[in-house]
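Written out below as structure tokens is the structure these notes cover.
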Amino acid sequence: MTTPAPPPPDPEALALKDRLGARHIVLVGLMGAGKTSVGKRLAAAMGLNFVDSDHAIEESARMTIPEIFASRGEAEFRAGERKVIARLLSEPPQVIATGGGAFMDEETRARIKAQGVSLWLKAELPVLMKRVMRRNNRPLLQNDDPEATMRALMDKRYPVYAEADVTVLSEETPHEVMVKAVIDALSQAIDHLPPAAPAPLSPEESA
Ligand code: S3P
């Protein structure tokens with residue numbers, strides 16, 4: 001089976017790319033919010049590279065996320081996540097989808113604020129649950145009551161996600177509609193946000 005070709009860049013998205021300058025677009029939000037599926041399409045529309053921080057972590061650890069949680073524990077996963085996101089932010093501007101816990105880390109949040117425009121894909125509980133229950137690849141939800149876990153994560157994380165530069169409601173609409181909503185919201189906000197800070201030290205340099 002062949003993968004359908006991505007849609008060509010669209011003019012509004014290309015104008016947004018110009019105004020983005022040296023900043024990344026960083027998608028934050030809970031598991032199931034649609035960061036990866038929206039991020040991929042947003043990047044294609046803007047002619048930017050797309051990267052998913054979970055995939056980058058898996059590549060550098062040569063293990064899946066569930067394997068990392070099982071063999072090294074969550075604290076080591078978080079340390080790896082912090083390092084990988086710092087590296088991605090030191091690369092040329094791209095669309096970065098982050099794992100749901102990444103923006104909760106103060107250091108990562110500060111780096112994202114300095115180098116990127118953050119966009120929270122905010123979703124209601126039923127939308128999140130419908131999406132995450134399709135797969136069993138999220139260690140935090142492998143328990144008897146994943147819905148209660150998700151609710152607790154919403155309570156804890158939504159006030160922090162709200163610090164993102166832009167918020168877009170993630171709904172059960174076709175992907176193109178979501179991408180258009182994201183491009184519109186970013187286009188409205190972009191000129192009111194600070195430019196990228198001077199290039200940060202790479203994780204190796206700052207070690
Ligand atoms: C996590 C979210 C996951 C992944 C890990 C932990 C979290 O990423 O990083 O399972 O703490 O919310 P997605 O948000 O892409 O599912």
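Could you give the C-alpha radius of gyration of the stretch 6-71 expressed as a fraction of 2.2 N^0.38 Å, taking N as the number of residues it contains?
Working it through for the stretch 6-71, the quotient is 1.34.
Out of all DSSP beta bridges in the chain, what portion is antiparallel? Express it as a percent rounded to 5.
DSSP beta bridges in the chain are roughly 0 percent antiparallel.
Would you check the stretch 1-151 for Lys pairs whose C-alpha atoms are within less than 24 Å, ignoring same-chain pairs closer than 8 in sequence, and give me the count?
Lysine pairs meeting the criterion: 15.
Just the ratio, please: alpha-carbon radius of gyration of the chain over 2.2 N^0.38 Å, N its number of residues.
In units of the 2.2 N^0.38 Å rule of thumb, it is 0.99.
With all protein chains present, how much of the accessible area of the stretch 13-190 (probe radius 1.4 Å) comes from carbon and sulfur, to the nearest whole percent?
About 51 percent, which is the carbon plus sulfur part of the accessible surface.
If you count, for each residue, the other Cβ atoms within 10 Å and average over each peptide, how do 143-156, 81-94 line up from highest to lowest?
Put in order of decreasing packing, that is 81-94, 143-156.
Which one, Met31, Val95, Leu16, projects farthest toward the positive side of the charge dipole computed for the stretch 1-118 from Cβ point charges (K/R +1, D/E -1)?
Farthest towards the positive pole: Leu16.
Could you provide, to the nearest whole Å², the per residue accessible area of the chain with probe 1.4 Å?
On a per-residue basis, 52 Å².
Mean separation of Cα pairs under 8 Å and 6+ residues apart, divided by the residue count of the chain: what relative contact order is that in percent?
31
In nanometres, what is the gap between the two model label sites at Ala197 and Arg62, each 7 Å from Cα along Cα-to-Cβ?
Result for the modelled spin labels: 3.4 nm.
So, by mean Cβ neighbours within 10 angstrom, what's the order for 179-191, 34-46, 129-141 with the highest one leading?
My ranking of the peptides, most packed first, is 34-46, 179-191, 129-141.
The values are calculated or read from the model by the stated rules, or taken from the named source; none is laboratory data. Everything numeric in this text was worked out from a predicted model, so none of it was measured. Every residue, glycine as well, gets a Cβ built from its backbone with ideal geometry; the counts of neighbours run over all protein chains shown. Just so you know, the surface numbers come from the protein's heavy atoms only, side chains and all, with ligands and any DNA or RNA stripped out. Shrake-Rupley method; radii C 1.70, N 1.55, O 1.52, S 1.80 Å.
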